[in-house]
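In what follows, a single structure is set out as structure tokens and then discussed.
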Amino acid sequence: MVILGAGPAGLLLGNLLHRNGIDCAVLERADRMHVQTRARAGFLAAETVRTLDRHGLAEGLHRRGRRHGSCEFRTDDGRFRLDYGSLGRGEQHTVYPQQDLVTDLLTQYLDAGGRIHFETEALAVLDASGPRPSVTVRGADGRPGRWRAGYVAGCDGRHGATRRSLPPGAVRHHRDHGVSWLGLLVEAPPSLDAVGYAVHDRGFAGHMARTPEITRYYLQCERGTPADAWSEEQIWDELDLRMRAGDYGPLNRGRILQRAVVDLESDVVEPLRHGSLLLAGDAAGLISPSAAKGANLAVLEAELLARALIDDLAHGDGDALSRYSARALARIWRAQEFSQWMIRLLHSSPGSDGESLFRDSLRRSRIESLRTSRTHQDWFAENYVGL
Ligand code: APR
């Protein structure tokens, strides 16, 4: 069994297969330091925590993670707060930086004797439709190589070798949401004890805690904006404006540690099984960061895939892997639908044409319904934290 990629999906899958006696090796193109320090997501859903708990992989997040259950919407019509942790199923997020989760999973995998090859880039998956697929690689020494396996698990993200090796039968559902965000990692304590969503005519702004000292901000920007287009001063002034700091208090400023522009897109492959090639995580389906679902879906899919591979390899259940694809896709599409709803909620439609005005009126009505309807708030909480 060869697993491509040492992100949340690949590492959880490796842990679960290895401890069930299934011989596997993880091939990761980056070095160990990069894998363990790459800042990505940080909001773990309650189901994700339960999954990691179930497999004894949650010690770090229980020790250093922090429960989080509130979000605050700020619009022209004022602000309101939703304590989603006491709505819907009463579930909260656990704020735990992804690099810490990945480090925990990697450490557990290596301590258990798991095999991983860093700086080993998969180039292509060959003969995936047959019983003995192979993976061509470029090793750390730059030399070509080839891995043969019974199965290949593609957990190498949206731009990895798996996506490049999909057979003609693969169907790709893609949507460009037409919105771009400048993502910022800031060395400053969170400015509010909630996830902040600011809807403004100038564009969306978002605020998410990462640690007591680090905060993630998002600023909607024009498509094609370079990450370094704005000075730090301009960024803080724009964040103040859109978060309405004049009305609700100043933001805690600090050094901007990382900045990157992300175009909000969704990109799902169907099915997730192609012969001996299985997909999980972003390689299976990319989701926009609007509802913090990506890493949570990666964990959910990795556990589902591990169970299916164990049923197939250890118990001879020949249908398990096809069932995996159907079950994972059902959860992926549920998450995609909510993520789409969030994108429509958070972004005003520019322009004064009838279509833009109509869409913006719908958006205002949705926010007002979320502000006033307990039923709507319960639906929001269940989907926001759930999968
Ligand atoms: N060969 C080997 N490794 C590769 C290749 C390749 N050709 N291409 C990518 N990789 C590695 C990357 O270096 C990365 O370590 O695959 C890994 C993919 O990890 P993620 O992008 O984190 O993907 P995944 O595990 O699916 O988790 C997805 O987690 O990063 C968050 O929210 C984010 O939605 C995303 C979720």
Practice task
Report the relative contact order of the chain, percent, no decimals, based on alpha-carbon pairs under 8 angstrom and at least 6 residues apart.
Solution key: 21
Handout entry: Dipole magnitude of region 325-369, debye to nearest 20 (Cβ charges: Lys/Arg +1, Asp/Glu -1, about Cα centre)
Key = 340
Fill in the blank from the handout: Taking a ≥ b ≥ c as the square roots of the eigenvalues of the Cα gyration tensor, with a/c under 1.5 meaning rounded and otherwise prolate when a/b exceeds b/c and oblate if not, region 123-162 is oblate
Practice task
Compute the projected area of the convex hull of the Cα atoms of region 187-315, averaged over all viewing directions, and report it in nm² to one decimal place.
Solution key: 10.5
Problem - Mean-position separation - Cα centroids, region 237-284 and region 146-173, in angstrom - result: 24
Handout entry: Accessible area per residue in Å² at 1.4 Å probe, computed on the chain
Key = 42
Exercise for the section: Quote the charge dipole size of the chain about the Cα centre in Debye, to the nearest 20; the model charges only the Cβ of Lys and Arg (+1) and of Asp and Glu (-1). Expected result: 500
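Which of the trypsin sites (Lys or Arg not before Pro) found in region 98-190 are in a DSSP loop and have at most 10 neighbouring Cβ atoms, other than their own, within 10 Å?
Loop-located and lightly packed - none at all.
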Practice task
Could you tell me how many degrees, from 0 to 90 and to the nearest 10, lie between the Cα long axis of helix 232-242 and the main elongation axis, the longest principal axis, of the Cα atoms of the chain?
Solution key: 70
Exercise for the section: At 1.4 Å probe size, with no ligands or nucleic acids counted, give the accessible surface of R255 in Å², nearest ten. Expected result: 140
Practice task
Select from L286, S325, I367 the residue farthest towards the positive end of the dipole of the chain; place +1 on Cβ of Lys and Arg, -1 on Cβ of Asp and Glu, and compute about the Cα centre.
Solution key: S325
Practice task
Have a look at A45, A308, A170 and report the one farthest towards the positive end of the charge dipole of the chain, computed about the Cα centre with Cβ charges (Lys/Arg +1, Asp/Glu -1).
Solution key: A308
Fill in the blank from the handout: Cα-based Rg then Dmax for region 14-110, in Å, read 17.0, 58
Completion exercise
Note: probe point = Cα of R148 + 7 Å toward Cβ; backbone nitrogen < 16 Å; residues of region 1-27 passing the test are 1-2
Exercise for the section: Could you look at region 36-152 and say what percent of its accessible area is carbon and sulfur, using a 1.4 Å probe and all protein chains? Expected result: 44
Exercise for the section: Towards the positive end of the charge dipole of the chain, with charges on Cβ (+1 Lys, Arg; -1 Asp, Glu), say which of G78, G10, Q99 has the farthest Cα. Expected result: G10
Handout entry: Longest site-free stretch - the chain; sites: GluC sites (Glu not before Pro), DSSP loop, at most 16 other Cβ within 10 Å
Key = 223-387
Exercise for the section: Report the charge-dipole magnitude of region 63-222 in Debye, nearest 20, computed about the Cα centre from +1 at each Lys and Arg Cβ and -1 at each Asp and Glu Cβ. Expected result: 620
Practice task
For the chain, state what percent of all Cα-Cα pairs lands in each successive 20 Å bin, counting from 0 Å until the bin that includes the largest distance.
Solution key: 28, 56, 16, 0
Handout entry: Amide N proximity, region 9-53 versus E119 label position 7 Å along Cα-to-Cβ, cut-off under 16 Å
Key = 27-36
Exercise for the section: For an R0 of 41 angstrom, estimate the FRET efficiency from the Cβ-Cβ distance between S352 and T37 and round to the nearest 0.05. Expected result: 0.35
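The values are calculated or read from the model by the stated rules, or taken from the named source; none is laboratory data. Here the structure is a predicted model, which is why all the values come from computation and not from measurement. Every residue, glycine as well, gets a Cβ built from its backbone with ideal geometry; the counts of neighbours run over all protein chains shown. With ligands, DNA and RNA removed, areas are computed over all heavy atoms of the protein, side chains included. Shrake-Rupley method; radii C 1.70, N 1.55, O 1.52, S 1.80 Å.
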